[in-house]
Amino acid sequence: MKRNNITEPAIKKSTEETYNKIIYRLNQKGWHSLSSTHEILGVVAEEYQELIEAIKEGDKEKIKQELLDISVACNFGMACIDSKTLDW
């Protein structure tokens, strides 16, 4: 099966969208860390379940938003680990 190539601008756009949404959420909810790796897992798992529902609905814009939410959760979790802010 032949697959189309993705463009560098598309990667840049998705990366910028992730960063912008992280900052938006931090300003909305506060700049506090998640408390544990289990909390990180819970956030990612919740977003994953929402992605499954969006895929079942077949709405590509909703799917994109859920993928963005997963990306935000994963990147924020990584930042919490890198910042050594987890309680456990």
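Since every read-out is calculated from the coordinates, none of them should be taken as a lab result. Remember, predicted model here, so these are calculated numbers, not experimental data. When we count neighbours, we look across all protein chains shown, and the Cβ atoms used for this are built from the backbone with ideal geometry, even at glycine.
A crude spin-label estimate for the pair residue 11 and residue 37, with each label 7 Å from Cα along the Cβ direction, gives 2.9 nm. Loop-located chymotrypsin sites (Phe, Trp or Tyr not before Pro) in region 19-84 (DSSP state other than H, G, I, E, B) with a sparse environment of at most 15 neighbouring Cβ atoms within 10 Å: 31. For the chain, the Cβ-based charge dipole about the Cα centre amounts to some 380 debye (Lys, Arg positive; Asp, Glu negative; other atoms uncharged). FRET efficiency for the pair residue 2 and residue 55, taken as 1/(1 + (r/R0)^6) with r the Cβ-Cβ distance and R0 = 35 Å, rounds to 0.90. Of all lysines in the structure, the ones whose alpha carbon falls short of 19 Å from that of residue 12, not counting any fewer than 8 places away in one chain, are 21, 64.
Rank 42, 30, 77 by mean-square fluctuation in a GNM of the chain with C-alpha springs under 10 angstrom and give only the top-ranked residue. Of the options given, 30 has the highest mean-square fluctuation. Labels on offer are (i) 5.8; (ii) 7.3; (iii) 6.6, and the one holding mean projected area of the Cα convex hull in nm² computed from this structure is (ii).
In a DSSP loop and with at most 14 other Cβ atoms within 10 Å, the trypsin sites (Lys or Arg not before Pro) in region 56-88 are 84.
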